[in-house]
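Below is one structure, written out as structure tokens; the observations come after it.
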């Protein structure tokens with residue numbers, strides 16, 4: 001039986017496209033994932049029992065002691081409920097390439113949005129909670145919730161987001177710490193052009209106990225300076241322009257980009273944070289599969 005057409009990230013123009021592509025990719029990934037690459041636990045109160053010498057005093061219920069003149073300790077049970085917050089960069093630098101928008105959405109932003117849709121669906125399918133956060137002029141937040149009914153809301157709000165903001169992704173990462181009430185999973189998709197403030201917030205989240213995944217999304221043209229002849233380059237965040245002869249600058253440019261990418265990845269992984277680089281026009285499903293299988297083996 002022929003496989004049905006799967007919408008590519010660059011073809012996404014509607015919620016229906018996003019749902020089709022997300023579900024098809026998730027089903028493809030599931031064939032190689034025998035258990036979840038995401039996990040977490042939450043300590044929930046279970047019952048009281050009488051205090052025993054040697055019990056940790058921080059679990060003593062002192063209010064109960066005041067009422068009864070007896071010492072009781074609180075017992076907890078572990079649950080496997082994971083709360084995942086997906087942070088999407090909606091700054092103008094994600095709107096690239098600006099001259100390649102067959103359906104009104106740049107390939108880089110479409111890729112970032114698609115991978116969040118796919119991973120969010122995986123999280124919700126395993127019975128855990130997922131939400132999405134983006135910051136432009138204001139904050140766009142879908143708080144983490146569980147249940148299949150929440151998937152439609154998650155994807156519909158994701159489909160509404162566009163790369164028109166002036167705020168860097170670090171602003172959204174700063175808010176993420178207040179959204180998650182306990183340690184959870186934070187997955188951020190960005191080009192990380194404002195790498196220093198973003199990295200500081202990523203490190204802060206990791207040191208607070210959150211499990212952080214960095215998804216570095218780039219356009220193929222950004223890696224290779226893929227234009228010929230004299231060209232005017234526009235800085236998407238500020239609108240500044242610069243005339244460049246690409247053939248003369250290409251070798252130095254690609255070397256600088258490679259050093260920046262390697263340095264950024266090294267600084268991220270040094271903190272024990274998982275890192276995935278995705279590039280437009282590269283097949284998405286195999287890259288995600290390799291990453292998720294590798295992550296599952298490490299956690």
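Quick rundown of the values:
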read-out: Members of segment 175-198 found to be in a helix (DSSP H, G or I), buried (at least 16 other Cβ atoms within 10 Å of the Cβ) and touching a helix residue (DSSP H, G or I) at 6+ places or on another chain (Cβ under 6 Å), listed by number; value: 195, 198
read-out: Qualifying residue in segment 212-228 (condition: in contact with a helix residue (DSSP H, G or I) (Cβ under 9 Å, 6 or more places away or on another chain), loosely packed, with under 12 Cβ neighbours inside 10 Å, at pLDDT below 95 and not assigned by TED's automatic domain parsing to the domain that holds residue 116); value: yes
read-out: Scope segment 245-280; condition surrounded by 16 or more Cβ atoms within 10 Å (Cβ to Cβ) and at pLDDT below 65; matching residues; value: 246
read-out: Qualifying residue in segment 73-86 (condition: surrounded by 20 or more Cβ atoms within 10 Å (Cβ to Cβ) and at pLDDT below 90); value: yes
read-out: Residue match in segment 152-161 (condition: in contact with a strand residue (DSSP E or B) (Cβ under 6 Å, 6 or more places away or on another chain), part of a strand (DSSP E or B) and closer than 26 Å to residue 106 by Cα); value: no
read-out: Those residues of segment 131-153 which are at pLDDT 95 or above and crowded, with 22+ Cβ neighbours inside 10 Å, in sequence order; value: 131, 132, 133, 134, 144
read-out: Any hit, segment 98-112, residues being farther than 23 Å from residue 277 by Cβ, modelled with pLDDT of 65 or more and surrounded by 15 or more Cβ atoms within 10 Å (Cβ to Cβ); value: no
read-out: Some residue of segment 55-67 being assigned to a strand (DSSP E or B), modelled with pLDDT of 80 or more and surrounded by fewer than 24 Cβ atoms within 10 Å (Cβ to Cβ); value: yes
read-out: Segment 100-151: number of residues that are in contact (Cβ under 8 Å) with a residue 60 or more places away in the chain and assigned to a strand (DSSP E or B); value: 1
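The values are calculated or read from the model by the stated rules, or taken from the named source; none is laboratory data. These numbers come from a predicted model, not from an experiment. Every residue, glycine among them, receives a Cβ derived from its backbone with ideal geometry; neighbour counts consider all protein chains shown.
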